[in-house]
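S.K.: Encoded as C-alpha coordinates, here's the structure I'll be asking about.
The values are calculated or read from the model by the stated rules, or taken from the named source; none is laboratory data. Quantities reported herein were computed from a predicted structural model and do not represent experimental measurements. Here the Cβ positions follow ideal geometry from the backbone for every residue, glycine too, while neighbour counts run over all protein chains shown. For accessibility, only protein heavy atoms count, side chains too; no ligands or nucleic acids. Shrake-Rupley method; radii C 1.70, N 1.55, O 1.52, S 1.80 Å.
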Amino acid sequence: GRYQVTDRAGDGGMGVVFRAHDRRLDREVALKMIRPYLLLEPEIVEQFLNEARAMAQLRHPNVVEVYDFGEHERLPYFVMRHVDGPDLHTWVGRQPLPLPIDVALGILGQVCEGVAAIHDAGAVHRDIKPENMLVDANFRVVVTDFGLARAVDDVDGSPGGVSGGTAGYMAPEQARGDEAAVPVSLTTRADVYA
(Lines give C-alpha, C1' and ligand atoms only; values in the text may rest on other atoms or scores of the structure.)
Protein backbone atom coordinates (compact mmCIF):
# COMPACT_ATOMS: atom_id res chain seq x y z
CA GLY A 1 0.00 0.00 0.00
CA ARG A 2 2.91 2.40 0.46
CA TYR A 3 4.03 2.28 -3.19
CA GLN A 4 1.74 2.90 -6.14
CA VAL A 5 3.18 1.50 -9.37
CA THR A 6 2.70 3.95 -12.22
CA ASP A 7 4.68 2.47 -15.12
CA ARG A 8 7.07 -0.27 -16.16
CA ALA A 9 10.58 1.19 -16.43
CA GLY A 10 12.75 -1.74 -17.48
CA ASP A 11 13.48 -5.45 -17.54
CA GLY A 12 16.49 -7.45 -16.48
CA GLY A 13 17.31 -11.11 -16.21
CA MET A 14 16.47 -11.28 -12.53
CA GLY A 15 13.75 -8.68 -12.12
CA VAL A 16 11.45 -6.02 -13.46
CA VAL A 17 11.83 -2.35 -12.57
CA PHE A 18 8.75 -0.19 -12.15
CA ARG A 19 8.33 3.52 -11.70
CA ALA A 20 6.27 4.06 -8.56
CA HIS A 21 5.06 6.77 -6.20
CA ASP A 22 5.99 6.56 -2.53
CA ARG A 23 2.74 7.71 -0.91
CA ARG A 24 4.29 8.14 2.53
CA LEU A 25 7.16 10.43 1.44
CA ASP A 26 5.44 11.81 -1.67
CA ARG A 27 8.26 11.09 -4.13
CA GLU A 28 8.89 9.14 -7.30
CA VAL A 29 10.91 5.95 -6.84
CA ALA A 30 12.06 2.94 -8.84
CA LEU A 31 10.82 -0.40 -7.52
CA LYS A 32 12.63 -3.58 -8.56
CA MET A 33 10.72 -6.83 -8.10
CA ILE A 34 12.07 -10.33 -8.64
CA ARG A 35 10.48 -12.35 -11.45
CA PRO A 36 7.89 -14.76 -9.94
CA TYR A 37 9.30 -17.93 -11.50
CA LEU A 38 12.66 -17.23 -9.81
CA LEU A 39 11.16 -17.86 -6.37
CA LEU A 40 11.82 -21.54 -7.11
CA GLU A 41 15.57 -20.78 -7.23
CA PRO A 42 16.78 -20.03 -3.66
CA GLU A 43 20.25 -19.00 -4.92
CA ILE A 44 18.69 -16.41 -7.26
CA VAL A 45 16.46 -15.05 -4.49
CA GLU A 46 19.54 -14.71 -2.26
CA GLN A 47 21.42 -12.98 -5.10
CA PHE A 48 18.50 -10.54 -5.51
CA LEU A 49 18.55 -9.76 -1.78
CA ASN A 50 22.34 -9.40 -1.88
CA GLU A 51 21.88 -6.80 -4.62
CA ALA A 52 19.63 -4.76 -2.33
CA ARG A 53 22.08 -5.11 0.58
CA ALA A 54 25.08 -4.11 -1.55
CA MET A 55 23.31 -1.04 -2.92
CA ALA A 56 21.95 -0.03 0.50
CA GLN A 57 25.50 0.36 1.84
CA LEU A 58 26.43 3.04 -0.69
CA ARG A 59 25.78 6.78 -0.54
CA HIS A 60 27.31 8.50 -3.54
CA PRO A 61 25.82 10.82 -6.20
CA ASN A 62 27.00 8.46 -8.97
CA VAL A 63 25.53 5.28 -7.44
CA VAL A 64 21.79 4.64 -7.25
CA GLU A 65 20.54 4.70 -3.67
CA VAL A 66 18.31 2.01 -2.09
CA TYR A 67 15.59 3.36 0.20
CA ASP A 68 13.60 0.30 1.26
CA PHE A 69 12.96 -3.40 0.68
CA GLY A 70 10.17 -5.82 1.42
CA GLU A 71 7.84 -8.47 0.00
CA HIS A 72 4.58 -8.23 -1.89
CA GLU A 73 2.63 -11.48 -2.23
CA ARG A 74 5.86 -13.42 -1.42
CA LEU A 75 7.83 -11.55 -4.12
CA PRO A 76 10.88 -9.70 -2.78
CA TYR A 77 11.35 -6.13 -3.97
CA PHE A 78 13.52 -3.17 -3.20
CA VAL A 79 12.97 0.54 -3.70
CA MET A 80 15.58 2.87 -5.18
CA ARG A 81 16.00 6.49 -6.05
CA HIS A 82 14.26 7.15 -9.34
CA VAL A 83 16.66 8.49 -11.97
CA ASP A 84 14.63 10.25 -14.63
CA GLY A 85 16.57 9.49 -17.78
CA PRO A 86 17.68 6.77 -20.16
CA ASP A 87 20.49 4.29 -19.75
CA LEU A 88 23.86 5.43 -21.09
CA HIS A 89 23.68 3.23 -24.20
CA THR A 90 20.36 4.81 -25.21
CA TRP A 91 21.55 8.31 -24.27
CA VAL A 92 24.69 8.04 -26.44
CA GLY A 93 22.60 6.68 -29.33
CA ARG A 94 20.56 9.89 -29.28
CA GLN A 95 23.62 12.17 -29.48
CA PRO A 96 25.43 13.40 -32.59
CA LEU A 97 28.59 11.34 -32.91
CA PRO A 98 31.39 11.46 -32.19
CA LEU A 99 30.74 12.83 -28.72
CA PRO A 100 32.73 15.97 -27.91
CA ILE A 101 35.77 15.03 -25.80
CA ASP A 102 34.58 17.04 -22.77
CA VAL A 103 31.23 15.18 -22.81
CA ALA A 104 32.92 11.78 -23.13
CA LEU A 105 35.34 12.61 -20.31
CA GLY A 106 32.46 13.91 -18.19
CA ILE A 107 30.66 10.57 -18.58
CA LEU A 108 33.78 8.51 -17.93
CA GLY A 109 34.73 10.60 -14.90
CA GLN A 110 31.32 10.10 -13.29
CA VAL A 111 31.32 6.37 -14.00
CA CYS A 112 34.80 6.12 -12.44
CA GLU A 113 33.61 8.05 -9.37
CA GLY A 114 30.67 5.66 -8.94
CA VAL A 115 32.80 2.54 -9.45
CA ALA A 116 35.43 3.88 -7.02
CA ALA A 117 32.71 4.37 -4.39
CA ILE A 118 31.59 0.75 -4.93
CA HIS A 119 35.18 -0.48 -4.49
CA ASP A 120 35.74 1.76 -1.45
CA ALA A 121 32.69 0.08 0.11
CA GLY A 122 34.44 -3.28 -0.31
CA ALA A 123 32.39 -4.56 -3.26
CA VAL A 124 32.93 -5.40 -6.90
CA HIS A 125 30.08 -4.67 -9.35
CA ARG A 126 30.90 -7.38 -11.95
CA ASP A 127 28.59 -6.03 -14.69
CA ILE A 128 29.80 -2.55 -15.62
CA LYS A 129 28.30 -1.62 -19.00
CA PRO A 130 26.41 1.33 -20.54
CA GLU A 131 23.04 -0.35 -19.97
CA ASN A 132 23.75 -0.31 -16.21
CA MET A 133 24.35 3.44 -16.11
CA LEU A 134 21.54 6.01 -16.09
CA VAL A 135 21.84 9.63 -17.26
CA ASP A 136 19.50 12.22 -15.75
CA ALA A 137 18.43 15.58 -17.21
CA ASN A 138 21.27 17.34 -15.34
CA PHE A 139 23.88 15.08 -17.02
CA ARG A 140 24.51 13.11 -13.84
CA VAL A 141 25.56 9.53 -14.60
CA VAL A 142 24.51 6.94 -12.01
CA VAL A 143 25.74 3.33 -11.70
CA THR A 144 22.90 0.89 -11.10
CA ASP A 145 22.01 -2.84 -11.30
CA PHE A 146 24.01 -4.62 -8.63
CA GLY A 147 22.57 -8.04 -9.50
CA LEU A 148 26.03 -9.60 -9.81
CA ALA A 149 27.80 -7.55 -7.11
CA ARG A 150 29.84 -9.30 -4.46
CA ALA A 151 31.91 -8.27 -1.50
CA VAL A 152 35.57 -8.27 -2.53
CA ASP A 153 36.43 -10.82 0.19
CA ASP A 154 33.64 -13.13 -1.10
CA VAL A 155 35.23 -13.27 -4.55
CA ASP A 156 37.38 -16.37 -4.54
CA GLY A 157 36.81 -18.11 -7.85
CA SER A 158 34.16 -20.40 -6.39
CA PRO A 159 30.62 -20.44 -7.78
CA GLY A 160 29.22 -16.99 -7.18
CA GLY A 161 32.74 -15.52 -7.28
CA VAL A 162 33.98 -12.95 -9.80
CA SER A 163 32.63 -14.71 -12.90
CA GLY A 164 29.51 -13.28 -14.43
CA GLY A 165 28.78 -10.17 -16.41
CA THR A 166 28.20 -9.32 -20.04
CA ALA A 167 30.55 -10.90 -22.57
CA GLY A 168 31.48 -7.71 -24.45
CA TYR A 169 32.62 -5.99 -21.23
CA MET A 170 34.23 -8.87 -19.34
CA ALA A 171 37.88 -8.86 -18.38
CA PRO A 172 39.79 -11.73 -20.04
CA GLU A 173 40.13 -13.66 -16.77
CA GLN A 174 36.35 -13.53 -16.34
CA ALA A 175 35.72 -14.71 -19.88
CA ARG A 176 38.22 -17.58 -19.52
CA GLY A 177 36.76 -18.55 -16.16
CA ASP A 178 40.15 -18.56 -14.42
CA GLU A 179 39.23 -16.10 -11.67
CA ALA A 180 40.69 -18.45 -9.04
CA ALA A 181 44.15 -17.47 -10.30
CA VAL A 182 43.42 -13.78 -9.68
CA PRO A 183 44.37 -12.49 -6.21
CA VAL A 184 41.47 -11.01 -4.25
CA SER A 185 43.33 -7.69 -4.17
CA LEU A 186 42.98 -7.45 -7.97
CA THR A 187 39.30 -8.42 -8.39
CA THR A 188 38.21 -4.79 -8.67
CA ARG A 189 40.28 -4.53 -11.86
CA ALA A 190 37.59 -6.47 -13.73
CA ASP A 191 35.25 -3.50 -13.13
CA VAL A 192 37.95 -1.08 -14.27
CA TYR A 193 38.51 -3.16 -17.43
CA ALA A 194 34.78 -3.05 -18.21
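S.K.: In the list 142, 115, which residue meets the criterion of being on the phi < 0 side of the Ramachandran plot, open to solvent by less than 20 Å² (accessible area, probe 1.4 Å) and in contact with a Leu (Cβ under 6 Å, 6 or more places away or on another chain)?
M.R.: Details: 115 fails: in contact with a Leu (Cβ under 6 Å, 6 or more places away or on another chain).
Going through 142, 115 in turn, the sole match is 142.
Here's the yes/no breakdown for (1) at pLDDT 90 or above; (2) under 23 Å from residue 136 (Cα atoms); (3) hydroxyl-bearing (Ser, Thr, Tyr):
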{"residue": "37", "(1), (2), (3)": "yes, no, yes"}
{"residue": "47", "(1), (2), (3)": "no, no, no"}
{"residue": "54", "(1), (2), (3)": "no, yes, no"}
{"residue": "59", "(1), (2), (3)": "yes, yes, no"}
{"residue": "69", "(1), (2), (3)": "no, no, no"}
{"residue": "92", "(1), (2), (3)": "yes, yes, no"}
{"residue": "101", "(1), (2), (3)": "yes, yes, no"}
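S.K.: Report, by residue number, each residue of the range 180-194 that is open to solvent by 40 Å² or more (accessible area, probe 1.4 Å), part of a helix (DSSP H, G or I) and modelled with pLDDT under 85.
M.R.: Result: 180, 181, 184, 185, 186.
S.K.: Looking only at the range 49-70, decide whether some residue is polar (S, T, N, Q), touching a residue at least 12 places away in the same chain (Cβ under 8 Å), open to solvent by 20 Å² or more (accessible area, probe 1.4 Å) and touching a strand residue (DSSP E or B) at 6+ places or on another chain (Cβ under 8 Å).
M.R.: In the first step, residues of the range 49-70 are kept if they are polar (S, T, N, Q); the result is 50, 57, 62.
Now restrict to residues that are touching a residue at least 12 places away in the same chain (Cβ under 8 Å): 50, 57, 62.
Within this subset, residues satisfying the condition of being open to solvent by 20 Å² or more (accessible area, probe 1.4 Å) are 50, 57.
Imposing the further condition that a residue be touching a strand residue (DSSP E or B) at 6+ places or on another chain (Cβ under 8 Å) reduces the set to 50, 57.
Scanning the range 49-70 turns up at least one residue that is polar (S, T, N, Q), touching a residue at least 12 places away in the same chain (Cβ under 8 Å), open to solvent by 20 Å² or more (accessible area, probe 1.4 Å) and touching a strand residue (DSSP E or B) at 6+ places or on another chain (Cβ under 8 Å).
S.K.: Sticking with this structure for a sec: Quick one: residue 148 ticks every box in (1) in contact with a Gly (Cβ under 7 Å, 6 or more places away or on another chain); (2) over 23 Å from residue 18 (Cβ atoms); (3) open to solvent by 20 Å² or more (accessible area, probe 1.4 Å) except a single one, so which number is it?
M.R.: The one condition residue 148 does not meet is (2).
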